[in-house]
Amino acid sequence: MITIGRRIEVRGIVQGVGFRPWIYKLAHEGGVSGRVRNDSGGVIIDAFGSAAALDGFSRHLIETPPPAADIVDVRWYEIAPETLDAFTIGTSASSAALRVSIPPDLAACPECLAEIVDPRDRRYRYPFTNCTQCGPRFSIATGVPYDRCATTMTHFTMCEACQREYDDPDDRRFHAQPNACPVCGPRLTLLSKDGREIPAVDPISSAAIAIVVGAIAAIKGIGGFHLACDATDDAAVRRLRRLKRRDAKPFAVMAADLDDAERLAILTDAERALLQSAARPIVLATPRPGSPLAPMVAPDAPLTGLMLPYTPLHHLLLRSAARPLVMTSGNISDEPLAYRNVDALERLAPLADFFLLHDRGIESSCDDSVARVIAGSPVLLRRSRGYVPRPVAVSPPFPSPVLACGALLKNTFCIGLRDSAYPGPHIGDLSNLAAYDAYVAAIDRMQKFLRVEPEIIAHICIPTTSRHATPNRDRSRSRSPCSIITRTSPA
């Protein structure tokens, strides 16, 4: 048998999704030796074996990737053969490749959910349970390549049991960067609105009890804070609406499972599939007559916004509350989403009766995505958690890196790079300084992940009679908006 060598470069969403351990197993099953490692552009594989073995290995790589992976490009070329006895997983490297390979945050998988409800499991009721197929990704990433040291989990040292899982290629937590357990991982804290800790054996159960009797909770999730209350309690919903300064816009509701969602809305097969997808967006659906939802959840609205739990914390909270909960963005209307503990305690204290916090940092805030099924197909109305930073393929490719800044209202920026467009997370109305600061920070983070400095900026200009007037203060004198393209470097 003649041994040949092949370097395979895989681009796309291939980090943080169990891709390297899957490649490791694929190589062992196919009689291929070599190594695999992350780099800043994706995954690099040096594979050695017979031509038939490498052809089969490459075919399986393309045709049967892990469920959460999204391969957009595979390239390979011959390299000098090496005589190796095994296939190994190497340390991450850096390159000049311009790709984001960090996946979006992924909804809790069935295996992890089974653990948190099993009293015999060491992760019983642990709200930060995750594996290579689920858990936080983009929201905790601080850099590329996607490794634990480049996430907000770097401050948590794994215990012996978690480290064994992390090091075992046959374990589903092999190189799961947010891997943790009650011994070594993040913890929940229950606080009063003035910041005092509330003693609680089980903070989730205590929070559920308070919500059921009418309280409003500020809950730190995966990409930011929610304001939560009992969705069947009209008085609680009215109070939240008044405090949040949200007169009539519908609130999103989280149901414990699909059966509960069916009691609240009339769902099509496409809507059921969208609700249960890994992205777990808010899905706009037709409300069911006689639904137990309070009228003030969506006054006079033709559609109900529903979502299912997407973190272990949400699953445990909904099980304890045993009723649907309003889960609306943690902010006053038109302000940016609160996602850091200190900021949330300051800004949300006038709105919430108590806080359910944790100490896992959020690097990039991500509000809930919103979708609707139109003509049988899902359409994203707000693209954020669960989708960002997944790119959108474009053709023809961008000749130069482009930053599209988006509009003043319902803002989302986008970076165009080669054959991909990278929409950023939903930002919202830029009419106040805090929202604008959040917008600039989000752009800076995406540029950092892409390692790119845009050469062209596309933005909207609203001419006014006064060159110093802002769109928000001088809209009555504004003329029609116009598209502006600005070069930041010579053509």
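Quick note: the coordinates plus some simple rules give every number you see, no bench work behind them. Treat the numbers as computed from the prediction; the structure is a model and nothing was measured. Here Cβ is always computed from backbone atoms with ideal geometry, including for glycine, and neighbour counts include all displayed protein chains.
Here are a few things to note about the model shown:
- Magnitude of the charge dipole, the stretch 282-429, Cβ model with Lys/Arg +1 and Asp/Glu -1, debye to 20: 540 debye
- Label-zone membership for the stretch 52-73, site residue 418, 7 angstrom Cα→C-beta point, backbone N under 12 Å: 72-73
- Contact order relative to length of the stretch 4-89, as percent, for alpha carbon pairs under 8 angstrom and 6 or more apart: 50 percent
- Of all DSSP-defined beta bridges confined to the chain, some 80% are antiparallel rather than parallel.
- Least to most buried among 379, 342, 388 (fewest other Cβ within 10 Å first): 342, 379, 388
- Computed from label points 7 Å out along Cα-Cβ, the spacing between residue 51 and residue 118 is 4.7 nm.
- Most positive-pole-ward Cα, 189, 48, 161, against dipole of the chain from beta carbon charges: 189
- Working from Cα pairs under 8 Å separated by at least six residues, relative contact order for the chain is 14 percent.
- Among 255, 290, 339 the positive-end extreme of the charge dipole of the stretch 205-358 (Cβ point charges): 339
- Fewest-first ordering of 146, 166, 124 by other beta carbons within 10 Å of each residue's beta carbon gives 124, 166, 146.
- Projected label distance in nm at residue 159 and residue 242, using a 7 Å step from Cα toward the beta-carbon: 4.6 nm
- Reported label for calculated Rg/Rh (Cα atoms, Kirkwood Rh) given (i) 0.99; (ii) 0.96; (iii) 1.10: (i)
- Helix content alone sets the calculated 222 nm mean residue ellipticity of the chain: runs of n ≥ 4 DSSP H residues at -39500 (n - 2.57) each, divided across all residues, give -6500 deg cm²/dmol.
- Legend: ranking of residues 415, 79, 443 from fewest to most surrounding C-beta atoms inside 10 Å; resulting order 79, 443, 415.
- Among the listed pairs 410/448; 25/220; 249/448; 193/220; 220/244; 244/448, those with a Cα-Cα distance over 25 Å are 25/220; 249/448; 244/448.
- The simple spin-label model puts a point 7 Å past each Cα toward its Cβ; for residue 149 and residue 288 those points are separated by 5.2 nm.
- Ordering 175, 19, 436 by Cα displacement along the dipole of the chain toward the positive end leaves 436 in first place; charges were set at the Cβ atoms of Lys, Arg (+1) and Asp, Glu (-1).
- Within the stretch 4-89: Cβ-based charge dipole about Cα centre, in debye rounded to nearest 20 (Lys, Arg +1; Asp, Glu -1): 120 debye
- Here the chain is assigned +1 on the Cβ of each Lys and Arg and -1 on the Cβ of each Asp and Glu. Its dipole about the Cα centre then comes out at about 1480 debye.
- Counting 0.36 nm for each residue step from residue 200 to residue 168 and taking away their Cα separation leaves a gain of 8.0 nm.
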